[in-house]
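**Q** Structure incoming, see below.
The values are calculated or read from the model by the stated rules, or taken from the named source; none is laboratory data. Since the structure is predicted, the reported quantities are computational estimates derived from the model, not experimental observations. Note that we place each Cβ from the backbone using ideal geometry, even for glycine, and neighbour counts take in every protein chain shown.
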Ligand SMILES: Cc1ncc(C[n+]2csc(CCOP(=O)(O)OP(=O)(O)O)c2C)c(N)n1
């Protein structure tokens, strides 16, 4: 029966890819035997894909999406046979790589390696949830399929190293060791001893023939009992069952061809004339899964009913956080670095919201992200990610997807470059994940151009489904958080290392509009539009210019993305005269709302922050001269 199930999956995948004339048959066919056995171990309820105590299943090699969908279809998720036939078509439930709108897909995968870190994140979230709610309530496993490509990516080292450190015995990674990737045999680029590598990372390592059902079964049994995270190295043949293409890299990413599929079906006792064939006994076997899932969930719900009142209240708060309880600090009139105001805000949120947690990539004291007296993961809320930015964000993406947590990830703004691929996935999935990036500009000073962000602000602003806040003082910082907590997508906080002057109250509009009028004069010739540290520079410069009879308004723009969505009337109201964008950053996107941009389009310089600002023209003197030169038509 296991073999028949596996072959059903094999040919469903081959047919899907053939019909779409696009896709990756190799990995799905190679993994069909293992997933056939896993179907007996996986605890889930296909009728309710969000049941909290379900096992999480992650396919790190998202190119094996045909396997994901055929397995989910057979298991009874809301994916029909027609959906399988629509594989990779526009607006289908079965897109090229798994996305979270498909029922049963836990997390979007495709960029190799990230799925492993997501699985580590799910396992960490489960540990935390189990400590909060009890082992009776949270005791599921996290299964992750990965391939050679995933293990070549650096993020797999980062994430597995943390998994070993935290002894995540709920994590089972199945490595599809078929020795093939796109360019051919992996030995041309990869020949390390995976077993020793994972042992060194404190994993239990099992090795099996991935087509031997007894060995697969025993491996899952052993892995479930393991006291450590477990890696199952499954030696497989890519495109197993595809006759002459079995074992060939040509099967990795192209349809097998109708003739070959027919011959392969015949060889394995399937009807070569039929496509998308699901034998009745295979259907019946999988239907039992749905019934079992329902039953398991019902039993679990009984346990939830028997929880103490405290635990019940905690579960409710984790599921539906109440932000009205947050006691936001009052920063009015206070000159502070925005990393400092942000640190105070974080602590207040963490005190009031049980699911709020996070950490930094070894920069918490500088990022001001320590949650004071709130302990360390797994018992507490501070997660020490070590210097693993990419894994940090992929792990926190999984925390966000787990269903109970609101995570933040922190580092210097410049090192956002090390985590961008996972931040992009957070945005793609529109998940609530907060990014705390301090040391936001050349204000970094002496550490020099390696540490001074220039183009990073533009790249985050350009990322769809996200809000980037570069706030000018503590009051803006609080307002930005109030928006972020309500927003179902990632929010990025770009914060200063250096102290900033407190701003006055808005004259027209507010942070929620993205940009607002901070200083308004009659008949202004210019509007100086700035964010972050440059807002108070513009205010001071405007005062200086008034002495010379050059009248300037000042607009603070803490969130570019919110501002460009405002209607024309709003923009017209706050942008008067010639609009000059002033930011100690790359100037690109400001040209969309400004006539001229006073930015930095080169890398920075090492020196005292004051000197570096002066050098790049960010002083009252230099900015005034620039505006005067515009008046003179220079
Ligand atoms: C970060 C990243 N780089 C490159 C790719 C393109 N890509 C997709 S699959 C693949 C080869 C993966 O090899 P392996 O994991 O062995 O998968 P298999 O050939 O067994 O299907 C590559 C390079 C990707 N999806 N993600």
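**Q** Tell me the residue from 58, 37 that is in a helix (DSSP H, G or I) and modelled with pLDDT of 95 or more, please. Break it down into steps so the answer makes sense when it comes.
**A** Working: 58 fails: in a helix (DSSP H, G or I).
Unique residue meeting the criteria: 37.
Results for (1) within 12 Å of the ligand (Cβ to nearest atom); (2) at pLDDT 95 or above; (3) surrounded by 21 or more Cβ atoms within 10 Å (Cβ to Cβ); (4) part of a helix (DSSP H, G or I), shown as yes or no for each residue.
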residue	(1), (2), (3), (4)
79	no, yes, yes, no
101	no, yes, no, no
104	no, yes, yes, no
109	yes, yes, yes, no
116	yes, yes, yes, yes
123	no, yes, yes, yes
135	no, yes, no, no
144	no, yes, yes, no
151	yes, yes, yes, yes
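**Q** Out of (1) touching a strand residue (DSSP E or B) at 6+ places or on another chain (Cβ under 8 Å); (2) surrounded by 22 or more Cβ atoms within 10 Å (Cβ to Cβ); (3) under 18 Å from residue 507 (Cα atoms), what's the single condition that is false for residue 563?
**A** Result: residue 563 fails condition (1) only.
**Q** Which of the residues that make up segment 560-585 are in contact (Cβ under 8 Å) with a residue 12 or more places away in the chain and assigned to a helix (DSSP H, G or I)? Quick ask: steps written out before the conclusion?
**A** So in segment 560-585, the residues in contact (Cβ under 8 Å) with a residue 12 or more places away in the chain come out as 560-566, 570-571, 573-585.
Passing the criteria: 560, 561, 562, 563, 564, 570, 571, 573, 574.
**Q** In segment 259-296, what residues are closer than 28 Å to residue 149 by Cβ and either under 36 Å from the mean Cα position of the chain (by Cα) or surrounded by fewer than 18 Cβ atoms within 10 Å (Cβ to Cβ) (or both)?
**A** Selection gives 268 alone.
**Q** For residues in segment 153-179 being under 16 Å from residue 220 (Cβ atoms) and in contact with a strand residue (DSSP E or B) (Cβ under 7 Å, 6 or more places away or on another chain), which is farthest from the ligand (Cβ to nearest atom)?
**A** My answer is 170.
**Q** Let me ask something else. Residue by residue through segment 612-630, note down the ones that are in contact (Cβ under 8 Å) with a residue 12 or more places away in the chain, surrounded by 15 or more Cβ atoms within 10 Å (Cβ to Cβ) and in a helix (DSSP H, G or I).
**A** Once the filter is applied, which keeps residues that are in contact (Cβ under 8 Å) with a residue 12 or more places away in the chain, surrounded by 15 or more Cβ atoms within 10 Å (Cβ to Cβ) and in a helix (DSSP H, G or I), segment 612-630 yields 612, 613, 620, 623, 624, 626, 627, 630.
**Q** What number of residues within segment 180-196 are free of Cβ contacts under 8 Å to residues at least 40 places away in the same chain and surrounded by fewer than 19 Cβ atoms within 10 Å (Cβ to Cβ)?
**A** So in segment 180-196, the residues free of Cβ contacts under 8 Å to residues at least 40 places away in the same chain come out as 186-189, 191-193, 195-196.
Now restrict to residues that are surrounded by fewer than 19 Cβ atoms within 10 Å (Cβ to Cβ): 187-189, 191-193, 195-196.
Number satisfying all stated conditions: 8.
**Q** Listed residues 200, 234, 254; which is under 30 Å from residue 138 (Cα atoms) and out of contact with any helix residue (DSSP H, G or I) (no Cβ under 8 Å at 6 or more places or on another chain)?
**A** 200
Okay, residues lined up against (1) under 20 Å from residue 54 (Cβ atoms); (2) part of a helix (DSSP H, G or I):
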{"residue": "288", "(1), (2)": "yes, yes"}
{"residue": "291", "(1), (2)": "yes, yes"}
{"residue": "294", "(1), (2)": "yes, yes"}
{"residue": "298", "(1), (2)": "yes, yes"}
{"residue": "303", "(1), (2)": "yes, yes"}
{"residue": "307", "(1), (2)": "yes, no"}
{"residue": "315", "(1), (2)": "yes, yes"}
{"residue": "329", "(1), (2)": "no, no"}
{"residue": "344", "(1), (2)": "no, yes"}
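**Q** So which residues in segment 81-99 are more than 16 Å from the ligand (Cβ to nearest atom) and within 28 Å of residue 148 (Cα to Cα), if there are any at all?
**A** 84, 87, 89, 93, 94, listed by residue number.
**Q** Go over the candidates 279, 272 one by one and state the one that is without any contact (Cβ under 8 Å) to a residue 60 or more places away in the chain and away from the ligand (no atom under 16 Å from the Cβ).
**A** Values: 279 fails: without any contact (Cβ under 8 Å) to a residue 60 or more places away in the chain.
None of the others qualify; the one that does is 272.
**Q** Return yes when residue 254 is at pLDDT 95 or above, surrounded by fewer than 18 Cβ atoms within 10 Å (Cβ to Cβ), within 16 Å of the ligand (Cβ to nearest atom) and closer than 30 Å to residue 185 by Cα and no when it is not.
**A** Spelling it out, residue 254 is indeed at pLDDT 95 or above, surrounded by fewer than 18 Cβ atoms within 10 Å (Cβ to Cβ), within 16 Å of the ligand (Cβ to nearest atom) and closer than 30 Å to residue 185 by Cα.
**Q** Here is a follow-up. Six or more apart or on different chains, Cβ under 6 Å: which pairs go from a residue in segment 103-130 that's without any contact (Cβ under 8 Å) to a residue 40 or more places away in the chain to one that's within 15 Å of the ligand (Cβ to nearest atom)? Could you list them?
**A** Cβ pairs passing all conditions: 105/98.
**Q** Okay, moving on. So which of 449, 421 is modelled with pLDDT of 95 or more and over 9 Å from the mean Cα position of the chain (by Cα)?
**A** Only one candidate passes the filter, namely 449.
**Q** Where in segment 502-558 are there strands (runs of 3 or more DSSP E), lying fully within it, with 1 or more residues that are out of contact with any helix residue (DSSP H, G or I) (no Cβ under 6 Å at 6 or more places or on another chain), surrounded by 24 or more Cβ atoms within 10 Å (Cβ to Cβ) and modelled with pLDDT under 95? Before the answer, list the steps.
**A** Details: elements: 516-519, 526-530, 552-556.
Output list is empty.
**Q** While we're looking at this one, here's another question. Restricting the first residue to segment 133-149 and requiring it to be free of Cβ contacts under 8 Å to residues at least 60 places away in the same chain, which pairs with a second residue that is outside any loop (DSSP other than H, G, I, E, B) meet a Cβ separation below 9 Å and a spacing of at least six or different chains?
**A** Cβ pairs passing all conditions: 148/175; 148/176; 148/177; 148/180; 148/181; 148/186.
**Q** Also, I was wondering about something else. Of all residues in segment 457-480, which are outside any loop (DSSP other than H, G, I, E, B) and either over 19 Å from the mean Cα position of the chain (by Cα) or surrounded by fewer than 24 Cβ atoms within 10 Å (Cβ to Cβ) (or both)?
**A** 458, 459, 461, 467, 470, 474, 475, 476, 477, 478, 479, 480
**Q** Residues being away from the ligand (no atom under 16 Å from the Cβ) and either buried (at least 20 other Cβ atoms within 10 Å of the Cβ) or over 17 Å from residue 277 (Cβ atoms) (or both): count how many of those fall in segment 19-56. Walk me through how you get there before you give the answer.
**A** To start, the set of residues in segment 19-56 that are away from the ligand (no atom under 16 Å from the Cβ) comprises 19-21, 36-56.
Filter once more, keeping what is either buried (at least 20 other Cβ atoms within 10 Å of the Cβ) or over 17 Å from residue 277 (Cβ atoms) (or both): 20-21, 36-56.
Matching residues across segment 19-56 total 23.
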